[in-house]
1. Suppose we filter region 85-124 for residues that are among the basic types (K, R) and in contact with a Leu (Cβ under 8 Å, 6 or more places away or on another chain); how many remain?
2. Could you tell me how many of the residues in region 43-66 are at negative phi, surrounded by fewer than 13 Cβ atoms within 10 Å (Cβ to Cβ) and at pLDDT below 90?
3. Could you list, in sequence order, all residues of region 97-132 that are under 21 Å from D57 (Cα atoms) and either within 13 Å of the chain's Cα centre (by Cα) or at pLDDT below 90 (or both)?
4. I'm trying to understand the selection: among the residues of region 94-136, which are under 23 Å from Q17 (Cα atoms) and touching a helix residue (DSSP H, G or I) at 6+ places or on another chain (Cβ under 8 Å)?
5. Tally the residues that are surrounded by fewer than 16 Cβ atoms within 10 Å (Cβ to Cβ) and either in contact with a strand residue (DSSP E or B) (Cβ under 6 Å, 6 or more places away or on another chain) or modelled with pLDDT of 90 or more (or both), restricting the search to region 67-83.
6. Tell me the strands (runs of 3 or more DSSP E) entirely within region 27-121 that contain at least 1 residues that are of a type in the set (G, A, S).
Amino acid sequence: MSRVSMFNSPLLLGFDQFERTLDRLAKSAEGYPPYNIEKIGENGLRITLAVAGFTADDLAIELVENQLTVRGKQGDESDRVYLHRGIAARQFQRAFMLADGIEVTGARLDNGLLAIELVRPQAEPRVRTIRIDSGKEAAGASNMIDITARRLR
């Protein structure tokens, strides 16, 4: 069975990386720990993860390029004897892909909830005018590239 690509339109050029990222995130999607993403004000976001039983020392937050990764690993509690263990104590890794320009401004652990604050700075519109060469100028530029390539050989 072949898969239909979301980015197969000829109008969407250079979006293959997005498709690979979406595939990777879909494969690693797991339900633990549960999380919320909320909009805070005009340009703010907050990711809140339910991490009951984890201390700040058990958690790690890492931002590599545009991927925000939250990891949790609790220490071994071999001295405790449980008659029933309903609170998950397993390690986890949760990844979020951030758009370009989004910045992580801080994180806070309170009452079993890890809140990660993000801000999206206001984007300045970029307008660029592209110069159009005439046929003779464009052909001359092509010849210059060809001559340079011959000299390099």
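1. So in region 85-124, the residues among the basic types (K, R) come out as 85, 90, 94, 108, 120.
Filter once more, so that each one left must be in contact with a Leu (Cβ under 8 Å, 6 or more places away or on another chain): 94, 108, 120.
Adding up the residues that qualify gives 3.
2. 1
3. Of the residues in region 97-132, the ones under 21 Å from D57 (Cα atoms) are 104-117.
Matches in region 97-132: V104 only.
4. A95, M97
5. Here is the first cut: in region 67-83, the ones surrounded by fewer than 16 Cβ atoms within 10 Å (Cβ to Cβ) are 67, 69, 71, 73, 75-83.
The next check asks that each one be either in contact with a strand residue (DSSP E or B) (Cβ under 6 Å, 6 or more places away or on another chain) or modelled with pLDDT of 90 or more (or both); those that pass are 67, 69, 71, 73, 83.
So the count comes out to 5.
6. Details: elements: 35-40, 44-50, 59-64, 67-72, 92-97, 103-110, 113-119.
Ranges flagged: 44-50, 59-64, 67-72, 92-97, 103-110, 113-119.
The values are calculated or read from the model by the stated rules, or taken from the named source; none is laboratory data. Predicted model only: the values in this text are computed from it and were never measured. A quick note on method: Cβ atoms are made from the backbone with ideal geometry, for glycine too, and the neighbour counts reach across all protein chains shown.
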